[in-house]
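J.: Take a look at this one; I'll ask things after.
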Amino acid sequence: MLKKRPRIGTSLYSMNMSERQDTTSHVPVSPPAFSGRVALVHDFLLYRGGAERVLRSLADLFPEAPIYTLLFDPEGMKGMFRDREVRTSFLGSWPGFVRRRHRLLLPLYPTAAEAIDLRDFDLVLSSSGAWMKGIVTRLYTKHIAYLHSPMRFVWDENERYLVESGGFHFLKRTLLSYLRMWDKEASLRPDMLLANSHYTAQRIEKYYRRTPRVVFPPVRPFLSQEEPAHFLEDRPFLTVARLSKYKHTEALVSAFTKLELPLVVVGTGREHARLKHHAGPTVLFAGDVSDEKLGTLYSSARAFVFAGEEDFGLALAGSELCGTPRHYPVGGRRARNCRRGCLRNIFFGAN
């Protein structure tokens, strides 16, 4: 029987500032009292982003737990999990030129997730925005799924996905119908669902007909070692995001290029090359940076800007912890409180 465990992220939120500073180097914290074998499961380890930071915190809680994932790119992760044992699905053994075109493997992801062998574990913690909530476990294995989001491209963003992905709409609609049925079925497999925000919980209730418990992700402060520019107009604007289409970073790049205002874009992803091609000379792509460098960028930014509709918004929460001003256009699409009395996240849609 599982013993009572603290909420994920509680230990990080309750630390004082001196203790929080140590967490940026991923010093393991005291694991919850549980004597069984634990496994951690994550969709992909290809780029560093907010979901991967959450997994890093879970890995610190369970320093002996192996990490299972569909695909793993050590170079793309910049050594983030080099101290951990990472095991991939059968897709990870395929030739590199196939794995690099991982979007073409989409129809195989449900099978790959279900084929992961977790028979030896008593507790499985999955960190998922798509596939890994659908893993298959033994009768007495407890599966707790921390969901960052239901799959956007098969539910509320399916029409946008079809328009942006080009032709063959009939075949794609057939595939999306299958994935919706699989995703709904997969959502019934975890023994407990955790959502990273109230907004995500609403979407889970809408599409999966399950009521999750809301547990906010741990937000680590980014400490700067440099003094920012004295004059505010000398500082650039900053955005931090995984460079995927649903983040709508293209809207920011286009706006700042037309306005000829300085913008620093932190993050990597599939859209990097295309965004860089359309960017003007005032837009700088910093790529994947260290926590120390990110702290410097936060503290030296004129304001933090964001164009995506986020489920929680770790980057925006990080900017608030650093005291970075946040700038939003009039007519915002959504305003919500992520953490009572502390974090107020305001998002706007890019049209």
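The values are calculated or read from the model by the stated rules, or taken from the named source; none is laboratory data. This is a predicted model, so every value here is computed, not measured. No Cβ is skipped: glycine too gets one built from the backbone with ideal geometry, and neighbour counts run over all protein chains shown.
J.: When you look at Ala113, is it crowded, with 22+ Cβ neighbours inside 10 Å, touching a Gly at 6+ places or on another chain (Cβ under 7 Å), at pLDDT below 95 and closer than 25 Å to Leu193 by Cβ, yes or no?
T.: Working: crowded, with 22+ Cβ neighbours inside 10 Å: yes; touching a Gly at 6+ places or on another chain (Cβ under 7 Å): yes; at pLDDT below 95: no; closer than 25 Å to Leu193 by Cβ: yes.
Judged against the criteria, Ala113 is not a match.
J.: While we're here: Within the stretch 36-84, count every residue that is polar (S, T, N, Q) and either assigned to a helix (DSSP H, G or I) or over 22 Å from Ile135 (Cα atoms) (or both).
T.: Step one: of the stretch 36-84, the residues polar (S, T, N, Q) are 57, 69.
So of that shortlist, the ones also either assigned to a helix (DSSP H, G or I) or over 22 Å from Ile135 (Cα atoms) (or both) come out as 57.
Qualifying residue count for the region: 1.
J.: Taking helices (runs of 4 or more DSSP H) that do not extend beyond the stretch 197-313, which have at least 2 residues that are at pLDDT 90 or above? Full working, then the answer.
T.: Working: elements: 198-208, 249-259, 272-278, 291-300.
Where helices (runs of 4 or more DSSP H) fall fully within the stretch 197-313 and carry at least 2 residues being at pLDDT 90 or above, they are 198-208, 249-259, 272-278.
J.: Looking only at the stretch 243-286, which residues are within 13 Å of Phe306 (Cα to Cα) and without any contact (Cβ under 8 Å) to a residue 24 or more places away in the chain?
T.: Within the stretch 243-286, just Ala255 meets the criteria.
J.: Turning to a different aspect of this structure: Name the pairs whose Cβ atoms lie under 6 Å apart, with the first residue in the stretch 302-313 and under 13 Å from Thr324 (Cβ atoms), the second of a type in the set (Ser, Thr, Tyr) and part of a loop (DSSP other than H, G, I, E, B), and 6 or more positions between them or separate chains?
T.: Note: pairs meeting the criteria are Phe304/Thr324.
J.: Still on this structure: Considering (1) surrounded by fewer than 17 Cβ atoms within 10 Å (Cβ to Cβ); (2) under 28 Å from Thr200 (Cα atoms); (3) out of contact with any Phe, Trp or Tyr (no Cβ under 7 Å at 6 or more places or on another chain); (4) not acidic (Asp, Glu), say which one Ala303 fails and leave the rest.
T.: (3)
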